[in-house]
Amino acid sequence: MARADRDLDGAGNGGPHGAPVMPPRRPVGGLGLTLDDAARATAILLAGLSGALALGVGLTGDRVSALVARTERVVGPVFLAALLLLTLIALIAVVRLWRDPSDRSWHIVGLQASAGIATLALTFTLLGIGLGIASLSTAALGPETAGRLVGALTRRFAMAFATSIVGLPLAALLRAVLLVLAAREPDRAVPDGEAPGPGEAT
């Protein structure tokens, strides 16, 4: 009978009356995404956007609506949408690694999202420079068109440099956070729904 109990358990730890003991389930693992993870990452993203807007308003003195419109006009809606999507994916990976530093799948996903942000920034930088050079090759140079040509070049180069100024530091910050969280010891991970206690890694 004892042998049958061991066979049911598979490790010699059979339950009472021969009932098999189920192995403990990991709180996170694989690429399973929960609504709680997405909600926490979205909250972090919104908090970061609020802080960035507050900083921009403090530095420029513009209203929030004017600042948002200027940002969209400079970098374009496509860059903003792709940047927010990749940042959200990286933040979900941050949330998963905060709870379980050994979650290798989301560690890789987060690093790839960070690399995607850097690639996106450099791509739009080269795109802005290329569009500026293309406008030079097709425009007729003369005293009447000089002002219009300079304005077009300024807009293209503003997009080129603004995307790198925003994207590259953000990618580096997210990558650093992911690496630090993944380097923590697994037994010091923060359980789901609990705040870190005194002396725990943050």
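When ASP62, ASP103 are checked against the criterion of being among the acidic types (Asp, Glu), farther than 22 Å from ARG184 by Cβ and modelled with pLDDT under 90, a single residue qualifies: ASP62.
When the residues of segment 77-105 are narrowed to those that are in contact (Cβ under 8 Å) with a residue 12 or more places away in the chain and farther than 22 Å from LEU181 by Cβ, which ends up least open to solvent (accessible area, probe 1.4 Å)? It comes out as PHE79.
Out of (1) in a helix (DSSP H, G or I); (2) open to solvent by 60 Å² or more (accessible area, probe 1.4 Å), what's the single condition that is false for LEU33? All conditions pass for LEU33, except number (1). In segment 48-76, the residues that are under 22 Å from LEU122 (Cα atoms) and open to solvent by 60 Å² or more (accessible area, probe 1.4 Å) form Cβ pairs under 9 Å with partners that are among the polar types (S, T, N, Q) and part of a helix (DSSP H, G or I), at six or more places apart or across chains, as follows: ARG70/THR60. Does at least one position in segment 106-124 carry a residue that is open to solvent by 50 Å² or more (accessible area, probe 1.4 Å), of a type in the set (Val, Ile, Thr) and at pLDDT below 85? Looking through segment 106-124, none of the residues is open to solvent by 50 Å² or more (accessible area, probe 1.4 Å), of a type in the set (Val, Ile, Thr) and at pLDDT below 85.
The values are calculated or read from the model by the stated rules, or taken from the named source; none is laboratory data. In this text, all values refer to a predicted model and were calculated from it rather than measured experimentally. Methodologically, a virtual Cβ is constructed for each residue, glycine included, from the backbone with ideal geometry; neighbour enumeration extends over all protein chains shown. Surface areas here come from the heavy atoms of the whole protein model, side chains and all, with no ligands, DNA or RNA. Shrake-Rupley method; radii C 1.70, N 1.55, O 1.52, S 1.80 Å.
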